Amino acid sequence: MKRPYYICSSGRLKRRQNTIYFESFPVNEPDPATVDEELLAGFTEDVEANDAAPIGKRKPIPVEDIEAFYVLGEMDFNSKFFNFLAQNKIPLHLFNYYGYYSGSYIPREYLPSGFTIVEQVRAYLDTHRRLVIAREIIDAASFNILKNLQYYSNPSRQDEAKSFLQRGSNLEEVRPNGRILQAIQEIEALRVKIKETDTTQELMGLEGNIRERYYRCWVEILGQEYALDKRVKHPPDNAINALVSFSNSLVYTTVLSEIYHTHLNPTISFLHGPGERRYSLALDLAEIFKPILADKMIFKLLNNKQIQEKHFRKELNFCYLEESGRKIVLQEYDERLKTTIKHRSLGRNVSYRHMIRLEAYKLVRHITSKDEYKAFRAWW
């Protein structure tokens with residue numbers, strides 16, 4: 001089974017036949033940022049052509065094993081490398097020095113369907129059809145948010161209680177003092193209004209109100225140390241915002257990679273307005289999976305103290321996750337994507353990653369054959 005590869009160290013990728021080798025930069029080699037011209041000439045050369053050059057640790061990666069590349073280290077690319085990605089249908093997602101998502105390289109479509117594209121555009125241009133899809137996305141996303149809150153509204157969660165006590169808090173802090181229960185009631189009331197919205201702008205506003213109430217409860221789940229008083233993105237201003245931004249970008253890029261393997265065009269969306277230089281359909285579908293993949297992962301990492309303050313670095317007006325922290329998050333996220341659950345309709349176990357692709361398939365069926373679109377809702 002194919003899998004994503006996360007490259008956190010600076011280095012080079014080289015190819016020998018059907019195997020890619022990642023070579024980390026040796027300790028005595030100059031910083032890659034200072035030798036751009038030299039490295040551009042050597043990147044993605046066949047291994048035989050440069051075997052005599054000093055290298056660091058080499059790791060083989062079979063081409064048929066690559067689902068996508070996530071590059072979080074210093075790398076340089078040339079056209080030979082992008083041709084290789086295109087030939088093997090491998091997406092590439094780039095993150096900058098601070099771990100913030102920069103962009104993606106998506107090879108040309110290899111499953112083109114003129115019929116699907118025409119129907120996708122028609123669904124977008126039809127105000128009613130677009131609104132039906134957008135409402136379903138928000139309804140499912142808010143349902144999954146409620147699932148998280150309902151889990152933590154149960155005072156018998158002893159694991160969370162122990163985690164709080166280890167930080168020096170008292171047991172009263174882990175018992176819902178009404179804040180979570182009140183948020184559940186308010187979100188349920190807001191969800192009723194989803195069907196009453198007339199525009200996607202209204203829906204986005206409603207979604208913002210739901211998330212504001214949701215984030216307000218995180219202090220009950222994570223403690224005052226990681227209270228999310230306000231969602232700040234560009235750039236994140238504290239540790240919890242930095243962790244949320246990084247986790248959400250992982251979900252977005254995963255969704256984008258899965259859309260690539262369908263007939264859908266990732267630039268034509270229904271909830272978020274299509275815009276230049278972004279794959280807005282991935283933003284749409286990511287809303288559904290962020291509560292399950294990103295938020296639950298964050299709760300686990302922080303409550304188990306796998307991620308701590310030492311994994312963040314604070315600058316004058318922003319905060320970011322250091323490399324050691326990013327590696328912990330990536331490992332947990334990759335394990336979460338591989339986790340399987342029994343699909344109620346298919347009657348077999350499917351991974352979270354495959355669940356995202358199934359979501360894209362459902363959207364294809366809806367826009368091409370008018371099957372009712374029922375977005376993913378956690379049932380456990």
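Remarks
- Entry remark, the stretch 61-81: residues being under 19 Å from Tyr6 (Cβ atoms) and out of contact with any His (no Cβ under 8 Å at 6 or more places or on another chain) number 14 in total.
- Failed item, numbered, when Pro112 is tested on (1) modelled with pLDDT of 85 or more; (2) farther than 28 Å from Lys338 by Cβ: (1)
- Just one of the numbered conditions (1) more than 11 Å from the chain's Cα centre (by Cα); (2) within 22 Å of Tyr70 (Cα to Cα) is not true of Lys300: (2).
- Residue check, Ala140 in a helix (DSSP H, G or I), under 30 Å from Pro4 (Cα atoms) and in the same structural domain as Pro235 (by TED's automatic domain parsing): yes
- Tally, over the stretch 194-208, of residues that are loosely packed, with under 14 Cβ neighbours inside 10 Å, in contact (Cβ under 8 Å) with a residue 12 or more places away in the chain and under 17 Å from Asn144 (Cα atoms): 0
- With respect to the conditions (1) surrounded by fewer than 14 Cβ atoms within 10 Å (Cβ to Cβ); (2) in the same structural domain as Phe246 (by TED's automatic domain parsing), Arg108 falls short on a single one, namely (2).
- The set of residues in the stretch 278-332 that are in contact with a strand residue (DSSP E or B) (Cβ under 9 Å, 6 or more places away or on another chain) and of a type in the set (S, T, N, Q) contains only Gln331.
- All of (1) of a type in the set (Gly, Ala, Ser); (2) touching a strand residue (DSSP E or B) at 6+ places or on another chain (Cβ under 9 Å); (3) surrounded by fewer than 23 Cβ atoms within 10 Å (Cβ to Cβ) hold for Ser247 with one exception: (2).
- In the set (1) part of a helix (DSSP H, G or I); (2) touching an Asp or Glu at 6+ places or on another chain (Cβ under 9 Å), Ala286 fails one condition alone, (2).
- The residues of the stretch 78-93 that are surrounded by 17 or more Cβ atoms within 10 Å (Cβ to Cβ) and not in a loop (DSSP other than H, G, I, E, B), listed by number, are Phe81, Leu85, Leu92, His93.
- Residue-level check: of (1) among the charged types (D, E, K, R); (2) under 21 Å from Phe289 (Cα atoms); (3) at pLDDT below 95, Arg157 misses just (2).
- There is at least one residue in the stretch 306-323 that is crowded, with 17+ Cβ neighbours inside 10 Å and within 17 Å of the chain's Cα centre (by Cα).
- There is at least one residue in the stretch 274-283 that is under 18 Å from Arg130 (Cβ atoms) and touching a residue at least 60 places away in the same chain (Cβ under 8 Å).
- Residue within the stretch 319-332 that is among the aromatic types (Phe, Trp, Tyr), more than 18 Å from Ile292 (Cβ to Cβ), touching a residue at least 40 places away in the same chain (Cβ under 8 Å) and in contact with a helix residue (DSSP H, G or I) (Cβ under 7 Å, 6 or more places away or on another chain) present: yes
- Within the stretch 9-19, the set of residues being buried (at least 17 other Cβ atoms within 10 Å of the Cβ) and either part of a loop (DSSP other than H, G, I, E, B) or touching a residue at least 60 places away in the same chain (Cβ under 8 Å) (or both) comprises Ser9, Ser10, Gly11, Arg12, Leu13, Arg15.
- Considering the stretch 223-253, the residues that are of a type in the set (Gly, Ala, Ser) and assigned to a helix (DSSP H, G or I) include one that is farthest from Tyr100 (Cα to Cα), namely Ala239.
The values are calculated or read from the model by the stated rules, or taken from the named source; none is laboratory data. Fair warning: this is a prediction, and the values are worked out from it, not measured in the lab. Ideal geometry is used to build each Cβ from the backbone, glycine not excepted, and the neighbour counts take in all protein chains shown.
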